[in-house]
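One structure is given below, encoded as structure tokens.
The values are calculated or read from the model by the stated rules, or taken from the named source; none is laboratory data. None of the values given here were measured: they were computed from a predicted structure. As a convention, Cβ positions derive from the backbone with ideal geometry for all residues, glycine included, and neighbour counts pool all protein chains shown.
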Amino acid sequence: MPGDTTRNAVTRRGLLAGTAVGGAGLAAALIESNPVFAAASSPGEPFTGAVAARSSDALSFVLEVPGRAMGAFREISGLKTEVDVIEFRNGSENLPARKTSGPPTYHDVILSRPLTDSLAASDWMAQVAAQGSAAVRANCAIQIVDGRNQAVARYHLTDAWPRKVEIGSLKAGNSEELMETVTMTCEFIQRLAV
């Protein structure tokens, strides 16, 4: 039954396991056999939202900045918005504190990728250091793209600028990939329709 959360959770686990082990065919069979997933799909179309959101091995993250060729990144973190909680009491009442929302907080967005010959991030960081962030802020977007080059999600960053550009630790004889990490700060983060 649709209201049964236990059955729904088991089916979601089954769906993910089916995708990992048996591929899309098994996942489609699991979807068709479950009315919760089937109801979310158009007739004749398989429900793909749960699968696409978890196939992170094929995802890439494209940072779009007007006038700058920033390119794609392999890892992302910090696409997060929080609202502070403020507790207060009315006068001397002996009751639990009331809670209300405080100002929102938009976290730094951290993007990483193997080091390339692109100087876009370093040049932008150099402009921030020389001119200050106010002169080089940009409204930019992060587009999450799957392995078939289809957009999965899109985020808008208002008044963004790089706070830090970092190259991973260097060690002679190390065979690991050298990673470039760009930490972006912004005034506002909003998820947009793809």
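Are any of the residues in the stretch 98-110 surrounded by fewer than 17 Cβ atoms within 10 Å (Cβ to Cβ) and closer than 18 Å to Glu64 by Cα? Break it down stepwise before answering.
Quick first cut of the stretch 98-110, residues surrounded by fewer than 17 Cβ atoms within 10 Å (Cβ to Cβ) only: 98-105, 107-108.
Subset that is closer than 18 Å to Glu64 by Cα: 108.
Within the stretch 98-110 (the criterion being surrounded by fewer than 17 Cβ atoms within 10 Å (Cβ to Cβ) and closer than 18 Å to Glu64 by Cα), the answer is yes, since at least one residue qualifies.
Could you tell me which residue of the stretch 129-155 is nearest to Cys186 (Cα to Cα), considering only residues that are among the polar types (S, T, N, Q) and free of Cβ contacts under 8 Å to residues at least 60 places away in the same chain?
Step one: list which residues in the stretch 129-155 are among the polar types (S, T, N, Q), which gives 131, 133, 139, 143, 149-150.
Now drop any that are not free of Cβ contacts under 8 Å to residues at least 60 places away in the same chain, which leaves 131, 133, 149-150.
Details: Gln131: 17, Ser133: 10, Asn149: 26, Gln150: 26 Å.
Among residues in the stretch 129-155 that are among the polar types (S, T, N, Q) and free of Cβ contacts under 8 Å to residues at least 60 places away in the same chain, the one nearest to Cys186 (Cα to Cα) is Ser133.
Show me the strands (runs of 3 or more DSSP E) entirely contained within the stretch 51-155 in which 3 or more residues are assigned by TED's automatic domain parsing to the domain that holds Leu170 and polar (S, T, N, Q).
Working: elements: 60-64, 75-77, 81-88, 98-106, 109-114, 138-145.
Because the criterion is at least 3 residues that are assigned by TED's automatic domain parsing to the domain that holds Leu170 and polar (S, T, N, Q), the strands (runs of 3 or more DSSP E) in the stretch 51-155 that meet it are 98-106.
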